[in-house]
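K.L.:
Next up is a structure, given as structure tokens.
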Amino acid sequence: MDYWLHGNWSVRAFNTWAPGVRLDTWLMHALAALFLWRLLARLRFSETRAFFTAMLFACHPVVCETVCWVSERKNAMAGMFGFAALWMQAFALPKLSSAQTQPGAVVYWRWPVVCILFALALLGKPSALGLFPIMVLIEMIVLFPSVQARLFGTNENCSAPSRAQRAASFAGIAALGTIAFACVRVNLYTHTGDLVAPPGGTVFTALLTDLEIFSRYLFNFVCPVSLSAMYYVEPIKSLGDSRVWMYGAVLAGSVWATIHFARNKWVAAFGWFWFFAALATNANVIAIVHWMQDRYVYLSAPGLWIALSECAAGVIARYGDERSRRTFALRLGAMVSVACIIMSSSRGYLWSSMFKLSYDATLKQPQSFFAHYGLGSSLNPELLRIPPGSPEYKERKEAWRSEFIKALECPDAERYNYKQWVGAELGKDAFANGNAEMAERYYKIGAKKCSLAPDFLDAHVISLAYLCMLDLYYKRDPDLALEKARESMRLEASDYGRFALGNALIACSQANQHATESLLTEARNVLGAIDPKSGVRADADELLKSLNEKKK
């Protein structure tokens, strides 16, 4: 759905004007915060507290990845439709100003609207599936007055929902469950190629590793000084790892402390349920290559702010009179909101270029392969604008080479198939500089599939083709070169592979007197099939010309 909106609205409205596209995302994010504000008010939060909670969600620097990165507009879209669905569902709850002895209004049309909004959220991003347990919990609150009494302080003896309302609620939950199940099936089918082995190799080690990841998310919310576009995570592989107990204690202690000191323990527990339920879809039991990203906590952030605000309200309620407590709470909320706005503005600036973003990531996460890969890749366009041979060109080229070498040395490099592409690029650079030994070393990296990632076919094919050329011109081993060239063509019939195969066939024909003509005929056919627009076409034409002259 995001791609459809991008093609039919953003491109027509803003073309390639980046601020316009970001404004589009910002509007979705603002609407998500608005729907969250009204949802919290419907959940009987005071207007002031609901407003500041939504403000924290909207302005915290952890959301910069969603708001500033055009590729994550789908995250803001999922939040906008998902929070709108929760707000519509909460219409069955009594308003804060209504009599506590009366049940909420029976709004039968809410379920079709909720189902449509939830489906739109899932079309925006499948991680909106994490809102489904929250919807079920809100409906249980609607159906059971005793739960309402504990959460909102209403009369436990108020009228129970009618039989028709109960039937509509169960039918609505069943419809949401069907939509969620269909989303899971479609998402797993369409993203099979993106899935990798879970951290540590098993579901159990993935759960242990998520203890650290979830704890780091909590720290980033409370103290957002280490936010990064790329994170390094070392898998936790056993209970003997001290990190299990350290991060487990951090999580358990955070949950216990906020609930213990909360003004209403049930509300704090509701906030934690929201946080973990919405974050569960981004847990690493079913893993993709990026185990930890700021965008993963976008939909779960309101739950944490609910729990923390309830804890803060409980602590403040222990001191002073009502008026002084209210004044202090307002000032604290305003100060935190202003601090978040300032930090978000500073962090949002980094998203103005890939270079700034990646450079910041290499400083904060020096062990992250993707941070160094991103910084090296961002230097490539700069090299194209600088005259070759100039001092500035040499300086940038050395910086590019240094970042790619650092990327290969990172402990998490095996998780990314871009490692093969980095190896192929460094091999090209060494080959161009006449360093055959280094070229062979890096091309072997490009030609080897990473153990924890799918094969990068283009890099694999190109690396094999260049290894073939190294075998021909440096090792003088045409048979080995021919074997690698045929392997390259077996993987993918590329122009680089054709050129390497043609060279290997010619070299083998010179060494094999019995099959010369058949090898040369195959070489002519292979070289003639190279695309006229290919970068190796001119060299292929030279080879064909020399072959034809020899034939005459």
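K.L.:
Based on what the data block shows, is ARG263 within 23 Å of PHE51 (Cβ to Cβ), among the charged types (D, E, K, R) and touching a residue at least 40 places away in the same chain (Cβ under 8 Å)?
P.N.:
Answer is yes for this residue.
K.L.:
Quick check on the stretch 493-509. Is at least one of its residues closer than 29 Å to SER377 by Cβ and basic (Lys, Arg)?
P.N.:
Here is the first cut: in the stretch 493-509, the residues closer than 29 Å to SER377 by Cβ are 493-500.
If we keep only those that are basic (Lys, Arg) too, we end up with 498.
The answer is yes; a qualifying residue exists.
K.L.:
Got at least one residue in the stretch 318-341 being surrounded by 12 or more Cβ atoms within 10 Å (Cβ to Cβ) and within 18 Å of SER71 (Cβ to Cβ)?
P.N.:
There is no residue in the stretch 318-341 that is surrounded by 12 or more Cβ atoms within 10 Å (Cβ to Cβ) and within 18 Å of SER71 (Cβ to Cβ).
K.L.:
Within the stretch 202-232, can you find the residues that are under 28 Å from SER353 (Cα atoms), in a loop (DSSP other than H, G, I, E, B) and more than 17 Å from the chain's Cα centre (by Cα)?
P.N.:
Of everything in the stretch 202-232, those that are under 28 Å from SER353 (Cα atoms), in a loop (DSSP other than H, G, I, E, B) and more than 17 Å from the chain's Cα centre (by Cα) turn out to be CYS223, PRO224, VAL225, SER226.
K.L.:
Okay, moving on. Looking at the stretch 328-381 only, could you name the residues that are more than 26 Å from ARG415 (Cβ to Cβ) and of a type in the set (Ser, Thr, Tyr)?
P.N.:
Across the stretch 328-381, the qualifying residues are SER337, SER344, SER345, SER346, TYR349, SER352.
K.L.:
Condition test on SER377, is it touching an Asp or Glu at 6+ places or on another chain (Cβ under 9 Å) and outside any helix (DSSP H, G or I)?
P.N.:
Working: touching an Asp or Glu at 6+ places or on another chain (Cβ under 9 Å): yes; outside any helix (DSSP H, G or I): no.
Taking the combined requirement at face value, the residue does not satisfy it.
K.L.:
Looking only at residues in the stretch 316-357 that are assigned to a loop (DSSP other than H, G, I, E, B) and farther than 30 Å from LEU383 by Cα, which one is modelled with the lowest pLDDT?
P.N.:
As a first pass, look at the stretch 316-357 and keep what is assigned to a loop (DSSP other than H, G, I, E, B): 317-321, 351-353.
Okay, now just the ones that are also farther than 30 Å from LEU383 by Cα, so 317-321.
Numbers: ALA317: 82, ARG318: 79, TYR319: 77, GLY320: 67, ASP321: 71.
Restricting to residues being assigned to a loop (DSSP other than H, G, I, E, B) and farther than 30 Å from LEU383 by Cα, the top hit is GLY320.
K.L.:
Of all residues in the stretch 367-382, which are in contact (Cβ under 8 Å) with a residue 40 or more places away in the chain and either surrounded by fewer than 22 Cβ atoms within 10 Å (Cβ to Cβ) or of a type in the set (Asp, Glu) (or both)?
P.N.:
Of all residues in the stretch 367-382, those in contact (Cβ under 8 Å) with a residue 40 or more places away in the chain come to 367-371, 373-374, 376.
Of everything in the stretch 367-382, just one residue is in contact (Cβ under 8 Å) with a residue 40 or more places away in the chain and either surrounded by fewer than 22 Cβ atoms within 10 Å (Cβ to Cβ) or of a type in the set (Asp, Glu) (or both), namely GLN367.
K.L.:
Is the stretch 125-132 home to any residue that is modelled with pLDDT of 85 or more, within 26 Å of the chain's Cα centre (by Cα), of a type outside the set (Ser, Thr, Tyr) and over 28 Å from TRP351 (Cβ atoms)? Write out each step before concluding.
P.N.:
As a first pass, look at the stretch 125-132 and keep what is modelled with pLDDT of 85 or more: 125-132.
From what's left, within 26 Å of the chain's Cα centre (by Cα): 125-132.
Checking the rest, the ones that are also of a type outside the set (Ser, Thr, Tyr) come to 125-126, 128-132.
Then keep just the ones that are over 28 Å from TRP351 (Cβ atoms); that gives 132.
Yes, the stretch 125-132 has at least one match.
K.L.:
Return the only residue of ALA453, ALA459 being of a type outside the set (Lys, Arg) and surrounded by fewer than 20 Cβ atoms within 10 Å (Cβ to Cβ).
P.N.:
After applying the criteria, what remains is ALA453.
K.L.:
May I pose another question? Only one of PRO235, PRO198 is touching a strand residue (DSSP E or B) at 6+ places or on another chain (Cβ under 9 Å), farther than 30 Å from SER353 by Cβ and in contact (Cβ under 8 Å) with a residue 24 or more places away in the chain; which?
P.N.:
PRO198
K.L.:
Applying the selection to the stretch 383-401, what residues are without any contact (Cβ under 8 Å) to a residue 12 or more places away in the chain, of a type in the set (A, V, I, L, M, F, W, C) and in contact with a helix residue (DSSP H, G or I) (Cβ under 7 Å, 6 or more places away or on another chain)?
P.N.:
So in the stretch 383-401, the residues without any contact (Cβ under 8 Å) to a residue 12 or more places away in the chain come out as 384-395, 398.
Checking which are of a type in the set (A, V, I, L, M, F, W, C) leaves us with 384, 386.
Scanning the stretch 383-401 gives a single hit, ILE386.
K.L.:
Consider VAL136 carefully, then state whether it is modelled with pLDDT of 90 or more and farther than 13 Å from GLY82 by Cβ. It would help to see each step written out before you state the result.
P.N.:
Details: modelled with pLDDT of 90 or more: yes; farther than 13 Å from GLY82 by Cβ: yes.
Against the criterion (modelled with pLDDT of 90 or more and farther than 13 Å from GLY82 by Cβ), VAL136 qualifies.
K.L.:
Being in a loop (DSSP other than H, G, I, E, B) and buried (at least 16 other Cβ atoms within 10 Å of the Cβ) is the filter here, so list the residues in the stretch 238-281 that pass it. I'd like the intermediate steps shown before the answer.
P.N.:
In the first step, residues of the stretch 238-281 are kept if they are in a loop (DSSP other than H, G, I, E, B); the result is 238-241, 262-264.
Once the filter is applied, which keeps residues that are in a loop (DSSP other than H, G, I, E, B) and buried (at least 16 other Cβ atoms within 10 Å of the Cβ), the stretch 238-281 yields ASP241, ALA262, ARG263, ASN264.
K.L.:
What number goes with the only condition from (1) in contact with a strand residue (DSSP E or B) (Cβ under 6 Å, 6 or more places away or on another chain); (2) of a type in the set (A, V, I, L, M); (3) modelled with pLDDT under 70 that ALA160 does not pass?
P.N.:
Going through the list (1) in contact with a strand residue (DSSP E or B) (Cβ under 6 Å, 6 or more places away or on another chain); (2) of a type in the set (A, V, I, L, M); (3) modelled with pLDDT under 70, ALA160 breaks only (1).
The values are calculated or read from the model by the stated rules, or taken from the named source; none is laboratory data. The model shown is predicted, which means the values in this text are computed figures rather than measured ones. Cβ sites come from the backbone with ideal geometry, for glycine too, and all protein chains shown count toward neighbours.
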